[in-house]
Amino acid sequence: MVNPNQNQEIIEVEEVEHEALPDPSLDENAKKEETGITAGYLQQLDYVASNIDKHINAHEKIWLAILKIAKEGDWVIFGDGQKQTVCLSGPGAERIAKTVGVSFINWKEKKEIIKDAKGDGYRYWFTCTARFGGRSVLAMGRASSRDKFFGKVKGELRPLEDIAEDNIRMAAFRGAMKEGVRILFGLRNIPKIEFDRAKIPLINTTGYTFQKPADAKAATSPAPAAAPAGQAPEQMSPSEAEANGLVCGCGEVVSEKVRDFSKKKFGKTVCFECQKKENG
C-alpha cells in the first residue's frame, strides 16, 4: 500500500503582487482580427514571399554579430565529437542584452516555501517579458535553497540560517534574463560547427559530457587519476576536471589559474561569478 505522505512536498506560495496587464480585448478601438484567406492575408503573404531572403540575410548578420559580442568563457559546450552543442552562459546573456538593447518588462516574483522529509527550504521564481526588435517572449528563472552551490556542503543540505537568501533571489532574477536572451536570439543548443564556420574561437569555455548507459557501471568505480599535466580544462572529462580541483561548487569548470587564486583567497575552487557572490 502506498503511503500518501511518503516524500510528500508541501509548498506554501508567497506571491508578489504587480499591477495587472491591460487586456487588449477590452480596447474598444482594437481592430478585429481577420481570419481565413482574405485579400489582406494574401497581400501580406505576397510581401513575405518577396522579402524572405532579405529577412533571412539580415537575421543571419545580426546573429553572427551577437555571437561575436560574447567574451571568453561566455559559452558552455555540451556533449562531445560531432554532436557538440553550445549554449550561452548567464554573464554572456547580460552582456549581449546590454549591448543590443534588450528590455525586460512585466516582472513577476514568486517564493515557494518547501516542507518535506528533508526539512524546510524555499524556491524563488521570476518571470518577465523580454523584448527586442518588435518581438516579445516569456522568460522564467528559478533558484532554490537546495541548489548545489547555495544549499549543499559535501552533499548535505546546509541549515537555512547559513544560506544567503538574497543570493538565491538574485540568481533566479538573473536566470530569467538569461533565458530571455537565449530565446530571443536562439542561443541555446547551437551546433558547435556554426562557430567553426564563423571562425569564432571558443576559448576558456566550460564543457560537459553526458554519461552513456554503458558507462553507468563505471560511475561507481573509484575516482579517476588526475589528467596529464598541461592538459587544458576544456579538453578534460568532467571527472578529470573534478580530480584536478577545477570544478566550482556551482558546476563551472575553471582554469588552473582561477583555481589557484580562489583556493588561496577562499580556501576552495570558486569561478569568477561565484567569487563576486563570495565578496558580497
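The figures follow:
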quantity: Volume of the Cα convex hull of region 89-188, divided per residue and given in Å³; calculated: 105 Å³
quantity: Sparse-neighbour loop sites [trypsin sites (Lys or Arg not before Pro); region 145-202; at most 10 other C-beta within 10 Å; DSSP]; calculated: K154, K199
quantity: Relative contact order of region 89-188, defined on C-alpha pairs under 8 angstrom at six or more residues apart (%); calculated: 29 percent
quantity: Dipole of region 89-188, positive end: most advanced residue of Y124, L184, F150 [Cβ charges, Cα centre]; calculated: L184
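A short reminder: the numbers here are calculations on the coordinates, not readings from a lab. None of these values were measured; they are calculated from a predicted model. Methodologically, a virtual Cβ is constructed for each residue, glycine included, from the backbone with ideal geometry; neighbour enumeration extends over all protein chains shown.
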